[in-house]
Amino acid sequence: MPKIIIDYTCLPHQVFEGLSFEEKVVLSEKKKLLLRELDNVYFPLFEPEQYFKCYSALVEHLNDPRLNFKLGNIVARELERIRVRDLSVADVFVPYCFLHPDQIKTKKGTVKFTSHGESYLKPEKKHEIVTAINYNHFQEFLKKYLR
């Protein structure tokens, strides 16, 4: 994502008129800093609240009418459009399993289906399938992370 934002959003020279050197540097570096942070794939995993603060700051920065970024408002609108607004339980299940392996039970096998659409677990060594979960713990996890 950051490369396309860099390519399609640049400050016009008029924005820099009347600014001190320090102000120009701050203005130029703000977008670069935000993009570097957003390009870090571990950032949203380990610090999601801070990540989305930076994401919002980038959208605001690109939307700032005083800066008049070339195509900035279009990129900002697209970034705003792709922002995840809500998560389903399914979106949280896999991270939960990795974070709390002690709260789940697994078996090696492959999920198969009968001609009637019923599923069953065929014992194999191919996949590790979650067969049980501590629902009370999972519910607390959801309450904490799905605000």
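Laboratory data are not the source of any read-out in this text; all were calculated from the coordinates shown. From a predicted model like this one, the values you see are computed outputs, not experimental measurements. Don't worry about glycine lacking a Cβ; one is built from the backbone with ideal geometry, like all the others, and counts go over all protein chains shown.
Quick notes
- Dipole of segment 89-145, positive end: most advanced residue of Q139, C97, T114 [Cβ charges, Cα centre]: T114
- Taken over the Cα atoms of the chain, the convex hull encloses 169 Å³ per residue.
- Relative contact order (%) - criterion: Cα under 8 Å, at least six apart; region: the chain: 19
- Cross-link partners for K31 among the lysines, with Cα-Cα distance under 18 Å and sequence neighbours closer than 8 places in the same chain left out: K3, K53, K70.
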